[in-house]
1. If R₀ is 22 angstrom, what is the calculated FRET efficiency for the pair ASN70 and SER2, using the beta carbon separation as r and rounding to 0.05?
2. Between ARG97 and GLU113, what is the label-point separation in nm under the 7 Å Cα-to-beta-carbon projection?
3. Using each residue's phi in segment 30-36, evaluate 6.51 cos²θ - 1.76 cosθ + 1.60 at θ = phi - 60° and report the 3J(HN,Hα) Karplus result to the nearest Hz, with x for Gly and Pro.
4. Return the long-range amide H neighbours of ARG33 (sequence gap of 5 or more, or a different chain), with a cut-off of under 5 Å between placed amide H atoms.
5. Roughly how much of GLU113 is accessible, in Å² to the nearest 10, using a 1.4 Å probe?
Amino acid sequence: MSEADFVAVQQLAAGSSAGRGVAHGYQLAGRLRCGLCGRAFESCWSHGRPAYRCRHGQTSARPRRGRASNLYVREDRIIAILRSLIADCHDGRSGLRLAEHLHRHGLVLLCTETMCTLEPA
């Protein structure tokens, strides 16, 4: 799959109908992992902004009991962190361009409540 094809599919898959039928785009969908449990973050809309969350396997059928609290990270904060972590991305690239960079180099961003690190996918 070419990089252009990857980005096009990612944009289609990352759109979501949240609230009043408005589609939201998530620039980093599929490129973030939870540093606590290793799961991929889910895209979500939080306080009027794109964000990502990990519920650490919690579902209504499997209550939390002893698991960590849900972890939420806002997309704009993740983009700022990525710009500081990726040396050749200080040119003000958009989140989508940063996601392309991660894909091209086989990287994901591993996040906890206090820090984020780049790791091989």
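1. Details: r = 36 Å, r/R0 = 1.62.
Calculated value: 0.05.
2. Taking the simple label geometry, GLU113 and ARG97 are separated by 3.5 nm.
3. These are the phi-based 3J(HN,Hα) values: x, 10, 10, 10, 7, x, 8 Hz.
4. PHE41, LEU109, LEU110, CYS111
5. Approximately 130 Å² for this residue.
The values are calculated or read from the model by the stated rules, or taken from the named source; none is laboratory data. None of these values were measured; they are calculated from a predicted model. Glycine also receives a Cβ, built like all others from the backbone with ideal geometry; neighbour counts cover every protein chain displayed. All accessible areas refer to the heavy atoms of the entire protein, side chains included, with ligands and DNA or RNA removed. Shrake-Rupley method; radii C 1.70, N 1.55, O 1.52, S 1.80 Å.
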